[in-house]
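Where a number appears in this text, it was derived from the coordinates with a stated rule and is not lab data. As the structure is a prediction and not an experimental result, all values here were calculated from the model. FYI the Cβ positions are ideal-geometry reconstructions off the backbone, even for glycines, and counts take in every protein chain you see.
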Amino acid sequence: MIKIAVFASGGGSNLQALIEAQEAGTFKGKIGLVFSNVPEAKALERAEERQIESVAIASKGYPGSREQYDQEVLSLCLAKKIDLICLAGYMRILTPVLIKPYLYKLMNIHPALLPKFGGEGMYGHHVHEAVIKAKEKESGATVHFVTEGVDAGPIILQGDVKVLPADTPETLAERILKVEHRIYPEAVRLFCDGKIKISGERVKIIL
Ligand code: GRF
C-alpha cells in the first residue's frame, strides 16, 4: 500500500478530492499525513475531520534556513514512511533537500496547461489573469512531478477547459478547480498502480 502525504497551505479542496477518491477506492493508496506550513490552514481541519494525522510547521517566522525547514519536513516524511508526496496548494518553493530524496515521488498540481503560465510568481489568480490577458482559447490543469525548476518537471496528466469571452479570473479558476479534482486522483491512481515510468525525463504512462 502506497502511503501518501498531502501538503497544503490553504483551503484544501484538492486534498478533499483526494480523500474522497481514496474513500471511493479510486487508488490503492492511503493518505497517512497532511502537512502544512500554515498552522491555521483549512486543509488541516479537513484532515482532522477524517482522522488523518496532520502536522504543521509554521514557515512564517521559522528561525532556520529554507533548507533546514525542508530537512525537518523530509525527516517527518521519512519517519512516517511516506512513499508519495502530493502538493495541493502548497505555497512554498521546495529546496533540493526535499526534492532529491523524493524525485519522481513528489507531484504538484498547477492551474494551467504547463509549460505555459508556470514558473515563479505564477500562482493563484496571477495564473488566470495572465491566461485571460493573453487571450488564450484554452486553459486547464496539470499534474507534474516536481524537479528543481519551478513548475518545470515532467508532466503526468493534463485536463483542459475552454476560456470563455465572459470569463473573469474567478470563473476560470472555478472551472479549472473541477478539472483538478478529477485529474489529481487519477494521477495518484496511475502512480499507485505503478503505471508511471520516467524515460529521458519524460513521463510514460503504461496502459
Ligand atoms: C489549486 O488551484 C492548485 O492548482 C494550486 O493551488 C490551488 C489549491 O487549491 N496549486 P485548494 O487549496 O486545493 O482548494
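Being within 15 Å of the ligand (Cβ to nearest atom) and either in contact (Cβ under 8 Å) with a residue 12 or more places away in the chain or of a type in the set (Gly, Ala, Ser) (or both) is true for just one of Gly11, Gly25. Which residue is that?
Exactly one residue qualifies, and that residue is Gly11.
Taking into account only those residues within the stretch 101-135 that are of a type in the set (Phe, Trp, Tyr) and touching a helix residue (DSSP H, G or I) at 6+ places or on another chain (Cβ under 8 Å), which is farthest from the ligand (Cβ to nearest atom)?
Tyr102
Residues that are farther than 17 Å from Tyr184 by Cα, at least 1 per element: which strands (runs of 3 or more DSSP E) completely within the stretch 1-106 meet that?
By residue number, 29-36, 54-56.
Within the stretch 156-207, count every residue that is charged (D, E, K, R) and farther than 30 Å from Tyr102 by Cβ.
Number satisfying all stated conditions: 5.
Could you tell me whether Ala112 is under 16 Å from the mean Cα position of the chain (by Cα), closer than 28 Å to Glu23 by Cα and in a loop (DSSP other than H, G, I, E, B)?
The answer is yes for Ala112.
For the stretch 153-207, enumerate the residues that are assigned to a helix (DSSP H, G or I) and more than 16 Å from the ligand (Cβ to nearest atom).
Result: Arg189, Leu190, Phe191, Cys192.
Yes/no per residue for (1) more than 22 Å from Glu20 (Cβ to Cβ); (2) touching a residue at least 40 places away in the same chain (Cβ under 8 Å):
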| position | (1), (2) |
| --- | --- |
| Gly149 | yes, no |
| Ile155 | yes, yes |
| Thr171 | yes, no |
| Arg175 | no, no |
| Ile183 | no, yes |
| Val188 | no, yes |
| Lys197 | yes, no |
| Gly200 | yes, no |
